[in-house]
Amino acid sequence: MNITYTEKEIDQIAKMVIEKSTNKVLLFHAPMGAGKTTLIKAIAKYLGVADAGNSPTFGIVNQYENKKGHLLAYHFDFYRLNDEMEALDMGFEDYLNQNVWVFIEWPSKIESFLPENSTNIDIEIVDMTTRKIKIS
């Protein structure tokens, strides 16, 4: 399924991503500047996250909770990861073993540790304001 959207429609796209996901591990494949973090923030908001904050690029992982402090999701940005062993060293597999949503930017950096049944979210830049998304 390919859907074209603009940032004005991001809330509907976030809802659709959750509804179409076959599990709670979402892998975001897209070039730099395609809107991965923007979409993840919209998904977090849809799930009831109290504050979706910023991209975890410098911290690698953000933890998202609802207003009551219950853990809802982890958001990983592996762009700056040098090798897969860094993910293991930070306990990545432990994060996957919790029953929460896991959003992963740049999943190609940790391919050997990804669950086989992950949901792939491919975002393509159509033009300055338009993106195309494919969920598989």
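Points worth noting:
- Positions within segment 90-123 being assigned to a helix (DSSP H, G or I), in contact with a helix residue (DSSP H, G or I) (Cβ under 9 Å, 6 or more places away or on another chain) and either free of Cβ contacts under 8 Å to residues at least 60 places away in the same chain or loosely packed, with under 15 Cβ neighbours inside 10 Å (or both), in sequence order: PHE92, GLU93, LYS109, ILE110, GLU111, SER112, PHE113
- ASP77 being touching a residue at least 40 places away in the same chain (Cβ under 8 Å), surrounded by fewer than 18 Cβ atoms within 10 Å (Cβ to Cβ) and either acidic (Asp, Glu) or on the phi > 0 side of the Ramachandran plot (or both): no
- Options THR38, THR129; residue that is touching a Ser or Thr at 6+ places or on another chain (Cβ under 7 Å) and of a type in the set (Ser, Thr, Tyr): THR129
- Pick from segment 18-37, criterion over 21 Å from TYR95 (Cα atoms) and buried (at least 17 other Cβ atoms within 10 Å of the Cβ), ranking: farthest from the chain's Cα centre (by Cα): ALA34
- Qualifying residue in segment 41-49 (condition: touching a Phe, Trp or Tyr at 6+ places or on another chain (Cβ under 6 Å) and over 18 Å from ASN120 (Cα atoms)): yes
- Selection within segment 9-53 - aromatic (Phe, Trp, Tyr) and over 14 Å from GLU105 (Cα atoms): TYR46
- Some residue of segment 87-104 being under 14 Å from the mean Cα position of the chain (by Cα) and among the polar types (S, T, N, Q): no
- Matching entry among TYR46, TYR5, TYR74 (being farther than 18 Å from ILE135 by Cβ and in contact with a helix residue (DSSP H, G or I) (Cβ under 8 Å, 6 or more places away or on another chain)): TYR74
- Test: residue in segment 42-58 that is crowded, with 18+ Cβ neighbours inside 10 Å, without any contact (Cβ under 8 Å) to a residue 24 or more places away in the chain and within 19 Å of LEU96 (Cβ to Cβ): yes
Only the coordinates and a few stated rules stand behind these numbers; no lab work does. Please read all numbers here as calculations on a predicted model, not as lab measurements. As a convention, Cβ positions derive from the backbone with ideal geometry for all residues, glycine included, and neighbour counts pool all protein chains shown.
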